[in-house]
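In what follows, a single structure is set out as structure tokens and then discussed.
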Amino acid sequence: MNEDKKTNTGGLDTAPDFENFEKADVSEELLEEANGKYRDLKGFPRYLAFGIAVATTLIIFYTAFAGVFLPMVQRSIIICSMSALTFLWCPTTKKSKFDRSKVPVYDWIMVAMSIFSFVWTVSNNERFMTRVPFASEIQTLDYVVALALVFMIIEVGRRTLGISISIITLAFIAYAFLGPYCPAMFRYKGITLAKFVEQTYLTTEGMFGSLTGMAATLLFGFLAFGTFLQCVGADKYFMDICISVAGRRRGGPAKVAVISSAAMGTISGSSIANVVTTGTLTIPMMKKTGYTAEEAGAIETCASTGGQIMPPIMGTGAFILAETVGVPYSDVCFVSIIPAILFYIAIYFLVDLIARKRNLHGLPASDIRPLKQTMHAGGVFFIPILILVVLLVLGYTPFLSGVGCALLILLIGQIRKDTRVSAKKIVFALEDCAKSLMSIGGVIFCASLIVSMINITGLMMKTSAIILSFSQGKLWLTLLLVALIAYILGMGLPISTSYIILATLSAPAIVSLGVDMLVVHLTIFWFTQLATITPPVCMTAFAAAGIAQGQPMKTGFTALKMGFTFYYVPVLFVYSQLINGAWWVQCIIAVFAIKSGDWYNNAISTLSNAGIVSGYPDGTFRPNAPITRAEMSKIIALFAKLDKTTDRFSDIAGHWAEAYIKLAAGNGWIEGYPDGSFRPNQSITRAETVTMINRVLERVPSEEDHLLSERVMLTFPDCKSGDWFYIAIQEATNSHTYERAATEKNGDEQWTALRANRDWTKLEQ
């Protein structure tokens, strides 16, 4: 019998009327969990918060097209503006009543400190860039601003996410200071206050690290994309399309929940937020069709959680994953799309089996708008999503792609009268972009501090060694231990924070067992989803149970059974070479591999033929990925037969590039950091790359006086005399003749004259 023609409504007297269907009431607590609770600001505080939010959004939009500012400037804009907005918008506690309508004096002090910190950081940026790390003098105000920012970041995390993130951040900071008093396996010599300030504030290794840089660029672009979709009402049209597609099917409302959550979850980036938005409609529909309250809540829980692994957005964790692994975000999407689709297919058939068993039916055809009509009304909003995917495939930066498509949404919205937005609404949408960033700012900023403490203490290698010790080098047991840690972390932390901490601490252990880096991080990323559906602490399931008015714990166990895919897919990533060997991945690689027409093809081919560089196990080269210090060490170590070695770095034991690092360092071609670390997985800057290459080629003038006049040399506005990299950049960009001391093999260069720049492409094979 054709399921579309059935009319049974699961024992109800009347079929659900979608046109007049009311959303379920959502408790204030659930709304707070999803969207945060803001103060009801009026007067000057309201204007100030509005001005900071809109100005921040416009500045970031500007940098998407004009180019980002210097790292500490760009990132200080985000940290200080989001801190100020948090102290203006967010009350001290969720239950406090006295500061709901006005800003207390202590929060005004924090706002003022945020503004002062920004001014101090920007005005001293040149000094920060030119000083010698861990050697130059630290000014008194550097201490004050650094400690104030650390305190504010921890408080921002507490107000936006809860006390757990603050406690964990403080625990890692405490470990850095109290390392000498820890048990033997975790013992560390400890750090001084000066070293703490140096690490967290005066370099780009702490709060101004790559995670914050990501929040200030590409992550913000996708947040704006999702915000503008909601601004024009695209989320409503997507829901209507899902209802038109699946509403009449057997158990139709449950299938609508699956499809809509796959679409909206990837945009919202939060499983709880998705439950509160789509679940308020789909859960009552499922209950009225015949699903129990617990089943309805569990279906919405699993479907909403799946949005975190569904491209093209996949939540904030996926952006962090791409940044950590050093691969284009599009690569993460390519290898994630099939597992995500398979997950939703599994959930879809599961709800269909429940509907078949109980003879549950869908919504009456009379209450559902025809698909053609629905697509005519809202199908145009698929265009920005498709363009976004195309731009990522073509190699455009996620930052520019996200911002560009966000602006395109506004233009498309002006086509139809019912989606047209006024200038006033657009301005308020800009404010909402800042609110969206503020809600995850605490995650990113606190995570930056945590990662900084992990790096400076060497905790990553210690933890990996402990994991391997307990697992005795067995891969299956190592994965089990990592999954257990992921579950424990997920009880009190959001997915993105759990992933950052777990990937930093445990990824080296799995990599050391021969697993590809991207596979490892995708495995960990999937493991971090477990806590959202696994009792006893499964906040997404509890949120769905609140809407469904079902038993929270029973809803959690039902979600556990329905979402079992989350448990075995990570294992498949590792054991069945789901990433490296699957036919569908090879097809993708064949389409998007390096082509003969690419500008870098000749250079890559030349060095590959010489055995200097190589690709990845999946057949790709990843030309747009940042290079790590370990990878650069291997490249320069292969340029010549080296015989000198050194063993002075504290964080390279067991690393795949350990031998190359020792050789390159032993021959004086690379250097470590004053704290004795090498930081092999840290991305290398263009200045550092040029410096290393100059050493390899023995082309290193020691004084600026040995160069020629800036009037005749090629110079750059962001490479000025006095910068530590100035001489190296000039050496690499100006073709010249020189004299060198005849008695010294590595004697200093004395430039004599410029000559025509060589066309190096003629030397390529």
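At-a-glance table
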{"read-out": "Ascending count of other beta-carbon atoms within 10 Å, so fewest first, for VAL245, VAL335, VAL156", "value": "VAL245, VAL335, VAL156"}
{"read-out": "Segment 312-463, dipole about Cα centre (Lys/Arg Cβ +1, Asp/Glu Cβ -1), debye to the nearest 20", "value": "540"}
{"read-out": "Dipole magnitude of segment 388-449, debye to nearest 20 (Cβ charges: Lys/Arg +1, Asp/Glu -1, about Cα centre)", "value": "280"}
{"read-out": "Segment 142-253: mean projected area of Cα convex hull, nm²", "value": "12.2"}
{"read-out": "Neighbour-count ranking [beta-carbon atoms within 10 angstrom, fewest first] of SER464, SER512", "value": "SER512, SER464"}
{"read-out": "Orientation-averaged projected area, Cα convex hull of segment 443-522 (nm²)", "value": "5.0"}
{"read-out": "Rough spin-label spacing in nm, given labels placed 7 Å along Cα→Cβ, for GLU137 and ILE627", "value": "3.9"}
{"read-out": "Entries in LYS474/LYS644; LYS195/LYS644; LYS236/LYS425; LYS372/LYS417; LYS357/LYS561; LYS236/LYS287 that, when Cα-Cα distance is taken, lie over 27 Å", "value": "LYS474/LYS644; LYS195/LYS644"}
{"read-out": "Cα centroid of segment 280-357 to Cα centroid of segment 418-447, whole Å", "value": "24"}
{"read-out": "Principal axis box of segment 358-504, alpha-carbon based, largest edge first, Å", "value": "63, 49, 32"}
{"read-out": "Global size of segment 284-327 as Cα Rg and Dmax, reported in angstrom", "value": "15.6, 48"}
{"read-out": "Projected label distance in nm at PHE186 and LEU480, using a 7 Å step from Cα toward the beta-carbon", "value": "2.4"}
{"read-out": "Order of ARG695, ARG755, ARG46 - criterion: other Cβ atoms within 10 Å of each residue's Cβ, fewest first", "value": "ARG755, ARG46, ARG695"}
{"read-out": "Top positive-direction residue, dipole computed over segment 288-359 with Cβ charges, set ALA298, LEU342, PHE319", "value": "ALA298"}
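FYI, it's all coordinate maths here, none of it is from the lab. Remember, predicted model here, so these are calculated numbers, not experimental data. Here the Cβ is made from the backbone with ideal geometry for all residues, glycine too, and neighbour counts use every protein chain on show.
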